[in-house]
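The structure appears below as structure tokens.
The values are calculated or read from the model by the stated rules, or taken from the named source; none is laboratory data. Please read all numbers here as calculations on a predicted model, not as lab measurements. Heads up, the Cβs are rebuilt from the backbone with ideal geometry, glycines too, and the neighbour counts pull from every protein chain shown. Side chains are part of the model used for accessible areas, which takes the heavy atoms of the whole protein and leaves out ligands, DNA and RNA. Shrake-Rupley method; radii C 1.70, N 1.55, O 1.52, S 1.80 Å.
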Amino acid sequence: MKELLEVIAKNLVDHPEQVTVTEVQGERSLVLELKVAPEDMGKVIGKQGRIAKAIRTVVKAAAIHEDKHIVVEIVQ
């Protein structure tokens, strides 16, 4: 899942070298924290959060296939 999120994010931003994804184990789920360059935040979030929602949907669909519960957070 981490690699999937990295590939999606790197293809959206202008500075792919600044994309980092960290895994944080929660109580019931795995949290993936996505960090991008400040000037790329808008490209990852999109208008009214549409791109962020689409990213979360794709990652959740892949997680269901592997029977996991994953949460995607976009942090600064």
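Residues in the stretch 56-76 that are touching a residue at least 40 places away in the same chain (Cβ under 8 Å), open to solvent by less than 100 Å² (accessible area, probe 1.4 Å) and either out of contact with any strand residue (DSSP E or B) (no Cβ under 6 Å at 6 or more places or on another chain) or small (Gly, Ala, Ser) (or both): VAL58, ALA62, ALA63, GLU66. Count of the stretch 3-14 residues, restricted to those that are surrounded by 12 or more Cβ atoms within 10 Å (Cβ to Cβ) and not hydrophobic (A, V, I, L, M, F, W, C), is 2.
The residues in the stretch 47-70 that are small (Gly, Ala, Ser) and on the phi > 0 side of the Ramachandran plot can be counted, and the count is 1. The set of residues in the stretch 15-54 being assigned to a loop (DSSP other than H, G, I, E, B), open to solvent by less than 60 Å² (accessible area, probe 1.4 Å) and either in contact (Cβ under 8 Å) with a residue 40 or more places away in the chain or of a type in the set (Phe, Trp, Tyr) (or both) consists of GLY26, SER29.
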